[in-house]
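Written out below as structure tokens is the structure these notes cover.
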Protein chains: 2
Amino acid sequence: MSNIYDTANQLERDLRALPAFQNLKEAFVEIKADEEASRLFDEFKAAMHSFQMKQMAGQQPEQTEVEQMQALSAKVSENAAIKKLMESEQQLSQVIEDMNRIITKPLQELYQS
Amino acid sequence: MSNIYDTANQLERDLRALPAFQNLKEAFVEIKADEEASRLFDEFKAAMHSFQMKQMAGQQPEQTEVEQMQALSAKVSENAAIKKLMESEQQLSQVIEDMNRIITKPLQELYQS
């Protein structure tokens with residue numbers, strides 16, 4: 001039996017060593033170094049945030065907003081650094097989701113039985 | 001470098017091997033086998049749930065409800081099996097919280113910088 005805290009620290013090191021994590025780190029640096037990408041990414045995050053807030057409040061987005069969001073998404077995905085960031089974020093969120101599912105399995109089993 | 005999924009599976013085994021997890025498992029079995037404890041525990045969970053729902057809805061609990069809840073809590077903590085369950089749940093939730101903090105540290109660092 002290994003110490004659970006040692007294992008958790010090993011998992012933290014494994015996560016840092018993932019190509020997706022390295023890519024995410026690089027993408028952050030690349031975006032920061034590129035004024036145009038940085039501005040575009042901030043604009044995209046702000047628009048996404050406001051869009052999601054409205055959805056959470058149960059408001060139907062207006063057609064112009066949907067179109068603006070689509071145009072911005074298209075523009076953003078043309079930028080290599082932002083695209084890299086979004087792809088690596090998605091990969092990492094899948095890994096984190098898997099980790100949580102695996103680790104909490106013993107408790108799930110117990111509470112479902 | 002180890003495989004992150006192997007490490008997660010090791011963490012799952014480490015969690016199962018924790019005394020707190022073993023105690024939680026035993027407590028579930030003990031409560032199920034004891035009709036009085038089982039009834040008391042169901043009553044406690046239902047009261048706690050309704051109490052928390054009201055708090056979430058911003059309602060001030062009535063004095064009688066607070067007193068009922070306190071009486072029920074006292075009664076529940078006199079039952080050895082339920083006490084064992086609640087203590088081991090609390091220990092495990094601390095461990096799970098620690099695990100999450102350790103594992104998500106690389107991402108926290110990245111997004112805070």
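Coordinate-derived values only; no laboratory data. A quick note: this is a predicted structure, and the numbers were derived from the prediction, not measured. For neighbour counting, all protein chains shown are included, and Cβ atoms are generated from backbone atoms with ideal geometry for every residue, glycine included.
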Enumeration of residues in the stretch A:1-59 that are under 15 Å from A:A80 (Cβ atoms) and of a type in the set (S, T, Y): A:S38
Number of the condition not met by A:A27 [criteria: (1) free of Cβ contacts under 8 Å to residues at least 12 places away in the same chain; (2) among the hydrophobic types (A, V, I, L, M, F, W, C); (3) touching a Lys or Arg at 6+ places or on another chain (Cβ under 6 Å)]: (1)
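If a residue has to be farther than 27 Å from A:E109 by Cβ and in a loop (DSSP other than H, G, I, E, B) to count, how many in the stretch B:54-80 make the cut? Before you say what the answer is, go through the steps one by one.
Pass one, the stretch B:54-80, residues farther than 27 Å from A:E109 by Cβ: B:54-75, B:78.
Subset that is in a loop (DSSP other than H, G, I, E, B): B:57-62.
Residues that pass the stated criteria total 6.
Could you list, in sequence order, the residues of the stretch B:13-23 that are surrounded by fewer than 19 Cβ atoms within 10 Å (Cβ to Cβ) and of a type outside the set (A, V, I, L, M, F, W, C)?
Hits for the stretch B:13-23 are B:R13, B:R16, B:P19, B:Q22, B:N23.
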Selection count, the stretch A:26-53, where residues are of a type in the set (D, E, K, R), surrounded by 14 or more Cβ atoms within 10 Å (Cβ to Cβ) and in a helix (DSSP H, G or I): 2
The stretch B:1-35, residues that are within 7 Å of chain A (Cβ to nearest Cβ) and closer than 17 Å to B:V76 by Cα: B:L24, B:F28
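Examine the stretch A:100-112 for a residue that is more than 26 Å from B:T104 (Cβ to Cβ), assigned to a helix (DSSP H, G or I) and either within 14 Å of chain B (Cβ to nearest Cβ) or of a type outside the set (S, T, Y) (or both), and state whether such a residue exists.
Quick first cut of the stretch A:100-112, residues more than 26 Å from B:T104 (Cβ to Cβ) only: none.
No - not one qualifying residue is present in the stretch A:100-112.
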